[in-house]
Amino acid sequence: MTEAASAWWGYGFTVKKLPRIISITETVNTRSLAVMKRLGMAFDHEARVTEEGMEFEVVVYAITSAVWRNAQR
């Protein structure tokens with residue numbers, strides 16, 4: 001896990017008390033998918049998103065507070 005991701009997740013999980021943090025990318029963006037996986041995020045679901053009148057398929061990855069805390073040990 002990178003220091004930047006860990007710092008942001010630490011803020012989200014400890015200060016904001018979030019139960020999970022998600023990351024979203026288009027299904028064709030293999031580089032972003034690889035980063036999510038390398039950071040320890042897990043596949044959550046696929047969705048269809050509309051932004052500025054355009055629709056596209058996305059993949060949602062997530063990490064929970066419990067998973068992040070265990071990785072800190």
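Laid out as a table, the results:
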read-out: Segment 1-63 - percent of accessible surface contributed by carbon and sulfur, probe 1.4 Å; value: 55 percent
read-out: Neighbourhood net charge (12 Å Cβ-Cβ; Lys/Arg +1, Asp/Glu -1) for residue 55; value: -3
read-out: Hull shadow area, averaged, the chain [alpha-carbon convex hull, nm²]; value: 5.4 nm²
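The values are calculated or read from the model by the stated rules, or taken from the named source; none is laboratory data. Since this is a predicted model, take the numbers as computed values, not measurements. Positions of Cβ are generated from backbone atoms using ideal geometry, with glycine treated the same way; all protein chains shown enter the neighbour counts. When the accessible area is computed, the model is the full protein with side chains, heavy atoms only, and any ligands, DNA or RNA have been set aside. Shrake-Rupley method; radii C 1.70, N 1.55, O 1.52, S 1.80 Å.
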